[in-house]
1. How big is D for segment 289-493, in µm² s⁻¹ as a whole number, if Stokes-Einstein is applied with the Kirkwood radius of its Cα pairs at 10 °C and 1.306 mPa s?
2. Of all DSSP beta bridges located in the chain, what percent are antiparallel, nearest 5?
3. Output wanted: per-residue J couplings in Hz (rounded whole) for segment 252-261, from phi through Karplus 6.51 cos²θ - 1.76 cosθ + 1.60, θ = phi - 60°, x for Gly and Pro.
4. How large is ³J(HN,Hα) for each residue in segment 213-218, as worked out from phi by the Karplus curve 6.51 cos²θ - 1.76 cosθ + 1.60 (θ = phi - 60°), to whole Hz, x for Gly and Pro?
5. Distance in nm between label sites at ASP203 and LYS251, each 7 Å beyond Cα in the beta-carbon direction?
6. Tell me, what is the FRET efficiency for SER612 and LYS3 to the nearest 0.05, using R0 = 41 angstrom and their Cβ-Cβ distance as r?
7. Provide the net charge surrounding ILE632, with neighbours chosen by a C-beta distance below 14 Å and charges set as Lys +1, Arg +1, Asp -1, Glu -1.
8. Check ARG172: other-chain or 5+ apart residues with amide H under 5 Å from its amide H, H built from backbone geometry?
Amino acid sequence: MQKRQVRRLKIRQLLLLILRMLIILMIVLAFARPTSTGGNLGSHASVSAVIIFDNSSSINRYVADGNLFEIAKKRTEKLLDSFGESDEVILLPFILSSSSNSSTEFMSVAQAKEKLNNISINQIHSDFTASLTIANALLTSANNLNKELYIVSDLQLNSLPERRLLEQSEARLFLIELPLEPVENVAISSLDFGGQLILPGHDFKITAGIKNYSGSFSAEIIASLFINGNRVSQTDITIEPGEESSVTFTKSVSATGFHSGYIEISDDKFLEDNKRYFSFSIPDNFNVLLVGNDLSSQLFRLALSPSTSLNQYWSLKNISPANLSGINFFEYDIVFLFDPSQISETYRMRLFNYVESGNSLYINYNENVDITEFNKKWSALSGVLFDKPVDKQFSRAGYYTFSTVELTHPIFSVFEFKDNKPPEIKFYSLPKMHTLQGATTVAVFTGSRPALIENEYGQGKVLTFTAPISPEYSNLTAHSFFVPFVSRMAEYLARDISSFDTRLFSSNNISRSLALKGSVLGSIEMISPDSSSSFILPVEKNGALIVNASPAHQNGIYRLSYLGREIDRFAVNLDPSESNLISAAPDQFSQAAGAEQFHLLSNTDNLAASISELRFGKEFWQLFLWIAVLLIAAEIMLARTKNQKE
């Protein structure tokens, strides 16, 4: 028994010795703070970091935890806490603009936090390509060994970078996860006036396209029309998941001048695209002279004034070329000329002086024009040189039509052509011609034949339509396109376009052509939707005054005024692509950006701890400390048992 007890005692003593040695070893290892090899070479060196912060419109929406933009700011603030005093960082707002107070110099953490507090939503389309290009250049020139790039964004699928910009980057890529949810958004995707002619006191139609971006729920919404600050109409509409529908309002305005408004739908979790603004203007009364006694001049007169009982802004006079005696062209804002070969030399020179002084002329080619006479006397004014007259012997088996039009030109900018293609209007016979240097082709027929040509002459401008429009040669006058087309040409030549601005987006560089008569001696005041004002100096381009309306990064109605008088009004809207809130997967973004690897910092992670672990490797001191505690407990138990036996 004594031998067995001694043997048992020696075993306990040996176990206690081993436990006490292990306790000391674990405590020493815990204080030594061993780590895994997860960190980079030089991981304890200072860090140069660029944080791309998404402040585009799409992130300004609501999720279960609140406003996603505010959540992103809080996550970024915690991210900044992971940097030390020796680190340098740049907070790069996703949209670089004057309103975001962007800086391209590294700063301290305190400065970055101050900048974060001042960042606000910028209502323009996100651009990862531009932001990554700048971030790449900054990190390439950084001096610190450790280089890190952080993305704080909802990773909107349609804003992925267009090039693999991070393919050669040395920086480690970190994606900050945000609490995203399935898309539940309904948006006004478009507005359409249909190219109609709006007259005071007469009904016009405005159609809004409304799209349900959700894949799961049917949207029952209320759509309202506001004109000049007043709600004038309202209707209900139901849209199935993933479908697009439309709603049409019919209203009128009682006066000429500028008008504006918007269509609004019920609130959802993304408010930015629930309004779409528009503006239009109805010109004041203009004096128009139509010179011609053929059918074309009569059709134009009917297009501009179908009835003398209508209150319209065109004051028309139709006169034969043989009866121009006593006519002073300068009493008219526009002159429409049909068959110019009938104009005597005296009145031809007067028309040249009329245009050169800053007025406008429209010339319509018809089947009776003598092209030799035209080329000799009118080519310099019109910019058109005819090679062959129209063929009067033709069949209706084949025909020409419009192939392309300049959609950005004021004459065509209001027309919502399907697939951006002009309507199929038949022209059975056309002359052959070419344009002189300096003339601009605004529309083209099939066969690459110029259709509508604009030419500057002195201070004025000339439009020439190169096809006969009588019913024998074309069905243009029977088409619904004819009346608004004639009206738009007349308004353009009168330098007072009735604008239907629905397709100007806050992501565009917006230029406005001013319809001002006389010289401008000072700046133009631009009043933004928030009532703030700025002054812009117009520039002259091709005989027109151009205003670059920048910045125009707010959605809403902008007004331009000169000497206290409003001279222009236009609407700026959110780019429709921002309404598609579907996000890309992190690996999709990484692949599009060209990064071989990335680190996803989960929405539930402690950012500072996770980044430290990725930056320096995983520390094991807590594990060793817990092992030491367990060993101490075992040692106490074993030592107590020993004492009791003794």
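Derivation of every value follows stated rules applied to the coordinates shown; laboratory data play no part. In this text, all values refer to a predicted model and were calculated from it rather than measured experimentally. Positions of Cβ are backbone-derived with ideal geometry, glycine not excepted, and every protein chain shown enters the neighbour counts.
1. Details: Rh = 17.3 Å.
Calculated translational D: 92 µm²/s.
2. Details: 84 of 126 bridges.
Of all bridge pairs located within the chain, approximately 65 percent are antiparallel.
3. Couplings: 9, 10, 9, 9, 6, x, 8, 9, 8, x Hz.
4. Ordered by residue, 3J(HN,Hα) equals 7, 6, x, 9, 10, 7 Hz.
5. With each label point 7 Å from Cα toward Cβ, the separation is 1.5 nm.
6. Using R0 = 41 Å, I get an efficiency of 0.10.
7. Values: positive: ARG20, ARG640; negative: GLU635.
Residues close to ILE632 contribute a combined charge of +1.
8. It is LYS147, GLU148, LEU149, by chain and number.
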